[in-house]
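Values in this text are rule-based calculations from the coordinates and carry no lab data. Everything numeric here is computed off the predicted structure, so don't read it as measured data. Glycine also receives a Cβ, built like all others from the backbone with ideal geometry; neighbour counts cover every protein chain displayed.
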Amino acid sequence: MDEIYRRIARSLLPVLCALLAMSFQPLAAETDAEEEGFGTFGGSVLIASDYMFRSISNTNLRPQVQGDFNWSHDGGLYLGVWASNTNFGGTGNSMEIDPYIGFSRDIGDSNFNFDIGYWSYNYPGSELRLDYGEVYTYLNYTNGKFSASPSVWWTDNYFGEDFLDDVSALAYEVTFGYELYEGLASSVRVGRQTFGSGNDNLDFTYWDLGVDYTLGDWSIGLRWYDTDGINPFLANPNLADGEMVFGVTRSF
C-alpha cells in the first residue's frame, strides 16, 4: 500500500510543477501589465463553535477563530496562508499556520474544473514535531444548482515525526452541493482516511452535512460532523463522536 501512495505522489508533483509554470506563460507573453493584471487578493475570517478536521475536533470541542489570506492570478495560480487556534497534540500546541499553493483552471468549455496543489500544516508552538504537508487534487463539476467535487489528499508523513513517523496516508472524499434558494445552499461530504506501512487499523470514515446562507460578504453555516472507526490511538473518540458546529464567516 505504501508503494501505491508513493506512486500517486510521484505522479502528482510533476503535474503540479508543470501547471504552475504554465500559469506564468501569459505574463511572459503579455507586455501590458495593466491588461494582464497582477492578480487578486482576498480572504476571510471565521468564528465557529469548533474546529473540525475530517470530522475530528482540533480544538478539544471548543470555539475556533480562523483566518485566510490569499492571492490568485487569472492564469490559475493561487497561494495563501490559513491560520487557526488549536488545542491538541500536547503542551504548547495552540496555533496552526498553513501556507498553501496550487493551480486551478476550467477544462475547456465543459462544466468541469480541476485544482491541484500543496498544503503545509504547521504547529509553531508545539513541543512535538507535528508539521507535515499534503499534495491534493480536485475535480469539480457544476451544472446549474448542483455541484460535485471528488478529491484526493496524500502525505508521506502523517502529522509529523513525533506522531506517525514515515507513515504515509491517503484521504479521498467527495462533496455534493445543491443551491436550495438564492443564497441558501446545502452540501454533504463523505471521505475515507487510510494509512500505509501496515497501519490500516487506523483507517476511518468521516462525513459532514449542513447548510450555508450567504448574504453579501457574510455567511452563516450549520453542519453536523461524524466519523466511524476512530482508533483511540489516533484521536480521543469523544472528539469524533458526532457534533453540530455553527459558524459565521466574513469574506473580503
Summing +1 per Lys or Arg and -1 per Asp or Glu among the other residues with Cβ less than 11 Å from TYR136's Cβ gives -3
ALA148 versus LEU180: modelled label distance in nm, points set 7 Å from Cα along the beta carbon direction
2.2 nm
From the backbone phi of the stretch 175-184, what are the Karplus-calculated ³J(HN,Hα) couplings (6.51 cos²θ - 1.76 cosθ + 1.60, θ = phi - 60°) in whole Hz, Gly and Pro given as x?
10, 10, x, 8, 7, 6, 9, 4, x, 10
Quick one: Karplus J couplings for the stretch 197-202, per residue in order, coefficients 6.51, -1.76, 1.60, θ = phi - 60°, nearest Hz, x for Gly and Pro?
6, x, 9, 5, 5, 8
Note on the stretch 54-172: C-alpha Rg/Rh, Kirkwood Rh, two decimals, gives 1.02
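So if I average 1/r over every pair of distinct C-alpha atoms in the stretch 113-252 and take the inverse, what Kirkwood radius in Å does that give? Provide the component values of the computation, followed by the final result.
Values: mean 1/r = 0.0591 Å⁻¹.
For the stretch 113-252, inverting the mean 1/r across all distinct Cα pairs yields 16.9 Å.
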Using each residue's phi in the stretch 62-69, evaluate 6.51 cos²θ - 1.76 cosθ + 1.60 at θ = phi - 60° and report the 3J(HN,Hα) Karplus result to the nearest Hz, with x for Gly and Pro.
10, x, 10, 10, 10, x, 9, 10
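What is the sum of charges around LEU180, taking Lys and Arg as +1, Asp and Glu as -1, for the other residues whose C-beta is under 13 Å from the C-beta of LEU180?
The answer is -2.
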Just to confirm a number: summing +1 for Lys and Arg and -1 for Asp and Glu over residues other than SER120 whose beta-carbon lies under 9 angstrom from that of SER120, what do you get?
-3
What residues have an amide H closer than 5 Å to that of ASP203, excluding those fewer than 5 places away on the same chain, when H is modeled at 1.01 Å from N in the peptide plane?
PHE195
